[in-house]
Amino acid sequence: MSREERRVRPTIRCLEEDLALTLPNEDVDLGEIEHDLLSEARRIAPTSPKGQKRIQAIADPLVFRIRQSVWRGATWVDEGASIMWLLAAATREEGSQDDAYEYFEALHRQGRLLPTDDDRRRDRVEAGARLLSRIQEEAPAYLAEARDRPGQDATFVLAGILEIRLHVIRTPQLEEIWLAVSTRLVNGDGASLPLRDLVFVTFEQAAGQAEWELRADWPSGELRWFERARLGLRES
């Protein structure tokens with residue numbers, strides 16, 4: 001995952017204790033929550049920690065400062081997961097000493113600064129909702145593109161992980177929508193049956209009123225051995 005795709009997340013402790021926000025349901029991406037400090041974190045995430053000052057009192061891992069208005073924060077980039085974590089936050093009152101970083105250091109000494117197993121579990125749970133949202137967003141656009149190219153195969157990588165093919169045929173009375181979904185992800189892993197079913201259902205919804213059936217053939221050639229196909233028929 002590139003730096004441009006790096007996500008931002010607050011730890012649950014930071015969200016509840018420092019930002020004084022209620023932990024939402026699991027279908028809400030914590031990184032998309034509206035808050036001035038999180039907005040600033042999203043802005044700098046692709047290049048972090050460039051331009052940020054390190055909190056020197058924390059030797060390991062490398063934790064950096066973030067500022068937005070009266071807010072001060074501590075961030076850490078988990079390169080393996082491509083996440084910039086907002087670890088802690090505090091406000092600075094006008095005219096006061098900037099002691100937020102002493103608070104961050106104290107959290108670190110107490111073992112309460114870095115992401116916990118609960119933070120990572122929450123992120124995994126949200127991953128399903130993020131994937132669903134992306135598939136639902138991309139499906140209508142890909143279908144529209146295939147409709148603009150009738151009689152031709154249109155190949156896409158859905159949600160960045162799964163290859164699909166679309167082929168649309170139109171007659172004065174009927175529209176045929178052919179959809180082939182790979183049984184393997186672009187990284188070589190197998191695509192689960194629930195994921196493939198989700199893709200089919202999402203495209204069926206995007207297509208509108210149509211009658212769908214399983215197919216073992218393909219209109220422009222052979223169906224590849226690792227593909228599963230369905231055909232939708234709509235009145236023009």
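The values are calculated or read from the model by the stated rules, or taken from the named source; none is laboratory data. As the structure is a prediction and not an experimental result, all values here were calculated from the model. Neighbour counts run over all protein chains shown; Cβ positions are idealised from the backbone, glycine included.
Below is a table of values for the structure above.
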read-out	value
Residue within the stretch 123-142 that is outside the structural domain of W71 (by TED's automatic domain parsing) and not in a helix (DSSP H, G or I) present	no
Some residue of the stretch 29-41 being small (G, A, S), touching a strand residue (DSSP E or B) at 6+ places or on another chain (Cβ under 9 Å), closer than 14 Å to D18 by Cβ and modelled with pLDDT of 95 or more	yes
Verdict on G95 being assigned to a loop (DSSP other than H, G, I, E, B), at pLDDT below 95, at negative phi and out of contact with any helix residue (DSSP H, G or I) (no Cβ under 9 Å at 6 or more places or on another chain)	no
Inter-residue pairs, beta-carbon under 8 Å, first in the same structural domain as A100 (by TED's automatic domain parsing) and closer than 19 Å to L37 by Cβ and in the stretch 54-69, second loosely packed, with under 13 Cβ neighbours inside 10 Å and of a type in the set (S, T, Y), 6+ apart	Q68/S39
Filtered residue count, the stretch 124-146, keeping only those that are farther than 18 Å from V181 by Cβ, surrounded by 13 or more Cβ atoms within 10 Å (Cβ to Cβ), charged (D, E, K, R) and out of contact with any helix residue (DSSP H, G or I) (no Cβ under 8 Å at 6 or more places or on another chain)	1
The one condition in (1) outside any loop (DSSP other than H, G, I, E, B); (2) over 20 Å from the mean Cα position of the chain (by Cα); (3) crowded, with 20+ Cβ neighbours inside 10 Å that I58 fails to fulfil	(1)
Sole residue being crowded, with 16+ Cβ neighbours inside 10 Å, among the hydrophobic types (A, V, I, L, M, F, W, C) and in the same structural domain as P140 (by TED's automatic domain parsing), chosen from W178, W225	W178
Residue match in the stretch 1-20 (condition: of a type outside the set (D, E, K, R), assigned to a helix (DSSP H, G or I), crowded, with 17+ Cβ neighbours inside 10 Å and without any contact (Cβ under 8 Å) to a residue 24 or more places away in the chain)	yes
Pairs with Cβ under 6 Å, 6+ apart, first in the stretch 97-122 and over 26 Å from E26 (Cα atoms) and touching a residue at least 40 places away in the same chain (Cβ under 8 Å), second of a type in the set (G, A, S) and surrounded by fewer than 18 Cβ atoms within 10 Å (Cβ to Cβ)	E105/A57
Residue tally, condition outside any loop (DSSP other than H, G, I, E, B) and without any contact (Cβ under 8 Å) to a residue 40 or more places away in the chain, over the stretch 172-194	4
